[in-house]
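The values are calculated or read from the model by the stated rules, or taken from the named source; none is laboratory data. Nothing here was measured: the structure is a model prediction, and the numbers come from that model. Glycine gets a Cβ as well: all are built from the backbone with ideal geometry, and neighbour counts include every protein chain shown. Just the protein is used for accessible areas: all its heavy atoms, side chains included, with ligands, DNA and RNA removed. Shrake-Rupley method; radii C 1.70, N 1.55, O 1.52, S 1.80 Å.
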Amino acid sequence: RTPPPLLRGSCGVKMSGEDGHPRLLPLYESLEGTLEVSELTYAISLMRQLARNGQLEGDSNELALQLPVNAAHFQRVLDANPKIRDIMMEENENADLQYKAIADAKARNMRDPSMVAVREAMGRSSIMDLREAIGPDIEAAEARLGDRVKKDKAMRRGSVDMQAGRLVFFHDQDDKGYREQTEMVYGIGVNDAQKNVTVVFRGSRTPADWAQNKKFFGKQIKNPVKNLECFAADKTVPDKVYVHEGFHEYLHHMDGTPSGIFENLLPILSRHPGYTLSVTGHSLGGGLANIFALEAACRTDIPKPVLCITHAQPLVGDSRLSRSAARLMESKNLYLLRLRNVEDSVPAVPAFSPKPSFHYCHMGMELKMYDDDRKETVKLSRTRPRLHDKLHNTKAMVTLFVIQSGVEKQKRAHGLGEHSRRLELYEKEIRALGDDLAVICSQ
């Protein structure tokens, strides 16, 4: 069966999904899911640090560091450690949103089609046994629930059974505290129901993070789009592009070699043929996700299209990189979508670079959400280099860092809590934009 023209790949790259037909969630569910995992990255990072310090109760220290792990595991940790909420608040985290994200992920796992099939096969009398056993130990669950579970094919849908969505890899430094990490923090998750692998980057939490944020002068690199055969000789695709120096350093060692993300990601993708790759993150994490997704889309060993949805992401590259990303989107190798609140200044910075040949410009599609005291609700638009945007970004950068006007309003608009509130508030308007991400990101 030939995929529809819109979803047909180019450059000879392999497409994800059955018969080369990628599986993409509808727009609203994609925004909701990426926001959730972006928030969970903060919570998981903090819980892992508490576990390393032995600050959790009972078997929670071991459970919080266990991989693979799903939302039910973390729910058990939260239930056994009420003090975590207070610790989250002390660390200036949004405990309510993080608790909600874990609860929602657990509930979604239990509603997953594969889980429904299991419950039907087992009979209603065993559902509570399944809920009870799903968190701590899969093998123990199978032994406890008997041959009915082992024989049910719906249970055998991944390396860890009975878990639709799970975290399989998490990169943080064992010997560094939550606020002391000197490398970027990221995780890799797998969802068997959605046939998706997700890479999620954490936002700024450490002095090292802020140091990288401030390295915005720009670094000239070889255009990764040129790595694809169909663009190698294309004169309209520039040979060199500029990227945010600090973000690029986080993704690559100082000598320019990869930091190991692909080394960790490729074996996971090889164990899940036909799965799509999604990339996401909030703030700094969104900037890292944007660059990483573009690099992934330029590799022949990564299934296409690569989907990147970010929240409150700063600028990461120049207009040449933006035009190159547009070519990747036209060829159906990459889909880019940024979600931002209009009052948030972070997506407008850095507004400029001291280098005269480097002018920052966003990539892909942008979905703006307005505060509820405005007549506007949401606006979807494609990124284009415009003088108006440069002036707006410069004003936002001066307001945020020099005048420091409206700091509290800015913090609220930048936080994932406000993103979540507006996403829920404008659900009807966002759904009216359409469901098909491939169509929306190709406008």
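Tabulated data for the structure shown
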| item | result |
| --- | --- |
| Per-residue SASA entry for L65, accessible area with 1.4 Å probe, Å² rounded to 10 | 70 |
| Carbon plus sulfur fraction of accessible area for the stretch 246-339, probe 1.4 Å, in percent | 54 |
| Efficiency of FRET between Q55 and S357 - r from beta-carbon atoms, R0 51 angstrom, step 0.05 | 0.55 |
| Residue-normalised accessible area of the stretch 171-246, expressed per residue, 1.4 Å probe, Å² | 44 |
| Simple spin-label estimate for A80 and T300 in nanometres, 7 Å along Cα-Cβ | 4.9 |
